[in-house]
Amino acid sequence: MIQSTQIQEFVAETRERHALMTTRRYQRGSICKSKNGEVWYGKYYPAPGAPQKRVQLGRTAEKDEKAARVALDDIVAVLNRNPAHALGSEPVRRFVEQVYIPQKYENGDWRRASGQEAEYLFRRSILSEIGALRCRDLKAEHLRAVLRKLAGTGLSYESVSKVRFAMGDMVKRMVAEQYLTSNIAAGLKTPKTARRSDRSRLRRVTLAEYLRAWTALDERERLAFDLVTFCGLRESEAYGLKNGDLYQQGMIRVERSWYKGDINPTKTDEIREVGVGAEIMERLMAWIATLPEGNHEGWVFPSERIVTPLLPDNVLRRCIHPRLEPLGLDWINFAVLRRSHSTLHQERGTDPKIIADQQGHGLGVHLSDYVDSSISRKREAVAALWSDFKALRSELSVAN
C-alpha cells in the first residue's frame with residue numbers, strides 16, 4: 001500500500017516537472033502604434049503556447065516611446081518572474097541559454113563575434129560542469145570546484161580569471177531574476193595554482209626590426225602597419241577607416257571597428273581623435289587617390305569586392321607573413337605592433353597620457369599591459385639611484 005508521504009512526494013515532483021515544462025522564455029515584448037498613429041500598443045505572450053496579446057499603453061500625444069516601453073516592461077516583468085523562476089527549479093543550462101545569453105545580446109554587452117566566443121566559453125568550461133544543477137542548488141563550492149579543475153589542467157591565470165568573471169556575472173543575473181536569493185560568487189577568486197603567463201615572452205619590435213619588415217612590404221600594408229605602430233590604432237580600427245575619417249589637419253576620427261566581418265562601434269564604444277604625422281597623412285591621401293571610383297563606401301582599405309574592407313587576418317596570412325618569413329620576422333603581427341607602440345613611445349619619453357589617449361584605453365591599462373621597460377633602461381635607473389646614494393655617502397664622509 002502506498003504511504004501518504006510517498007503520494008505527497010510524487011505530487012510535489014509532478015508539479016515541479018510541470019513547472020519546468022511550462023517555464024516561459026524571457027521576453028521584452030514589442031511596441032507599435034495604431035493605424036492612425038494616436039495610440040501606443042504593446043504585444044507580449046501571456047503564457048507558454050498562448051497567442052500573442054495586445055494591450056493599450058496610452059495615447060501618443062501624452063506618452064513618448066520611452067514611457068510606453070516602461071509601461072510594457074512593468075507588465076512583462078511579472079510574467080518573467082514566474083513561480084518556477086522564483087523557486088530556482090530551472091537547470092543552470094536552461095537559464096544560461098534562455099535568459100542570460102539572450103539578455104547579453106539584447107543589452108548590447110555582446111557583439112556577434114565576441115558573443116560567439118563567450119558562448120563557447122560557457123559551454124566548454126561552465127555548463128559542462130554545473131549545467132545540470134538546478135539554480136537553487138548552486139553553491140559557492142561548485143563554482144570554486146570549476147576554477148580549481150581548470151587551474152589543474154594548466155590553463156593560464158588570465159583564462160581562468162575570464163571564467164571566474166563569467167560565472168560571477170551569471171550569478172548576478174540569477175539574483176536579479178530571482179533564481180537565487182544571494183550572490184554566491186561575491187568572494188570568488190582565481191586559484192593561485194593557475195599557470196601565470198610569462199610576460200617576457202610577449203615580444204615587442206625594435207625600430208631596426210620594424211624597418212626591415214616595413215621595407216619588404218607594399219605601400220598598402222606599410223600604411224596599416226604605420227597606423228598601428230606610430231598612431232596606436234587597433235587593427236580593427238585601422239581597417240575600419242573611411243576616407244571621411246581623415247582630416248588634413250593631421251587627425252583621424254576613429255568611429256568604428258571592422259572585426260571578423262562585422263562593423264561595430266569601437267571597443268570602448270567611444271569616438272576618439274587620433275593624431276597622425278604629416279608624412280603618414282600625405283601617404284594616406286596619396287593612397288586614397290589611387291583607389292577605384294566604385295569605392296562608394298569610401299573604405300581606406302577596400303577588399304576586392306569594394307563594398308567591405310579587407311580582413312586583417314587575411315592580409316597577415318596572404319600579404320604580410322609570406323614577405324616577412326624569409327627575413328625571420330613572421331612573428332610580427334598587429335598585436336605585437338600595438339604593444340610596441342606603447343614601449344617605443346615610452347622609451348623616447350612621450351607623455352603616458354598621450355600614448356593612452358592615442359590607443360583608446362585608460363592610463364592604468366597602458367602602463368600595466370602595454371609598456372615594457374627594456375633591461376638597459378632598468379639598469380640606467382638603478383645606476384642613477386645608486387649614483388645619488390654614493391654622492392650622499394661621499395658628502396657625509398667629507399663632513400665627518
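The values are calculated or read from the model by the stated rules, or taken from the named source; none is laboratory data. Keep in mind the model is a prediction, meaning the values are calculated, not measured. Because the Cβ atoms are built from the backbone with ideal geometry, glycine has one as well, and the counts that use them run over all protein chains shown. Areas reflect the complete protein model, heavy atoms only, side chains present, ligands, DNA and RNA absent. Shrake-Rupley method; radii C 1.70, N 1.55, O 1.52, S 1.80 Å.
Worth pointing out:
- Residue satisfying all of: in the stretch 130-176; open to solvent by 50 Å² or more (accessible area, probe 1.4 Å) and among the acidic types (Asp, Glu); farthest from Asn80 (Cα to Cα) among these: Glu158
- Restricting the stretch 238-256 to residues that are free of Cβ contacts under 8 Å to residues at least 40 places away in the same chain and at negative phi, the residue that is least open to solvent (accessible area, probe 1.4 Å): Ile252
- Considering residues of the stretch 352-367 that are part of a helix (DSSP H, G or I) and at pLDDT 70 or above only, the residue surrounded by the fewest Cβ atoms within 10 Å (Cβ to Cβ): Lys353
- Residue list for the stretch 115-165, filter: out of contact with any strand residue (DSSP E or B) (no Cβ under 8 Å at 6 or more places or on another chain), under 29 Å from Gln178 (Cβ atoms) and among the small types (Gly, Ala, Ser): Gly115, Ala118, Ser125, Ser128, Ala140, Ala145, Ser161
- Evaluated against (1) open to solvent by 20 Å² or more (accessible area, probe 1.4 Å); (2) in contact with a helix residue (DSSP H, G or I) (Cβ under 9 Å, 6 or more places away or on another chain); (3) among the hydrophobic types (A, V, I, L, M, F, W, C), Leu211 falls short on exactly one condition, (2).
- Neighbours by Cβ (under 7 Å, 6+ apart or cross-chain): first from the stretch 136-156, under 14 Å from Gly168 (Cβ atoms); second open to solvent by 30 Å² or more (accessible area, probe 1.4 Å) and of a type outside the set (A, V, I, L, M, F, W, C): Val146/Glu129; Leu147/Arg164
- Criterion violated by Leu217 - all others in (1) on the phi > 0 side of the Ramachandran plot; (2) open to solvent by less than 30 Å² (accessible area, probe 1.4 Å); (3) of a type outside the set (Ser, Thr, Tyr) satisfied: (1)
- Check on Leu188, open to solvent by 80 Å² or more (accessible area, probe 1.4 Å), in contact (Cβ under 8 Å) with a residue 24 or more places away in the chain, of a type in the set (A, V, I, L, M) and out of contact with any Pro (no Cβ under 9 Å at 6 or more places or on another chain): no
- Those residues of the stretch 271-285 which are over 18 Å from Pro309 (Cα atoms) and part of a helix (DSSP H, G or I), in sequence order: Ala278, Glu279, Ile280, Met281, Glu282, Arg283
- Counted residues, the stretch 289-301 - those being open to solvent by 20 Å² or more (accessible area, probe 1.4 Å) and either under 15 Å from Leu223 (Cα atoms) or modelled with pLDDT of 90 or more (or both): 3
- Where Asp330 falls short, out of the listed (1) charged (D, E, K, R); (2) surrounded by 13 or more Cβ atoms within 10 Å (Cβ to Cβ); (3) touching a residue at least 60 places away in the same chain (Cβ under 8 Å); (4) in a loop (DSSP other than H, G, I, E, B): (3)
- Qualifying residue in the stretch 317-328 (condition: touching a helix residue (DSSP H, G or I) at 6+ places or on another chain (Cβ under 6 Å) and farther than 29 Å from Gln346 by Cβ): yes
- Any chance Gly232 is in contact with a helix residue (DSSP H, G or I) (Cβ under 9 Å, 6 or more places away or on another chain), open to solvent by less than 10 Å² (accessible area, probe 1.4 Å) and touching a residue at least 12 places away in the same chain (Cβ under 8 Å): yes
- Cβ pairs under 9 Å, 6+ apart, first in the stretch 270-282 and acidic (Asp, Glu), second part of a helix (DSSP H, G or I): Glu273/Asp357
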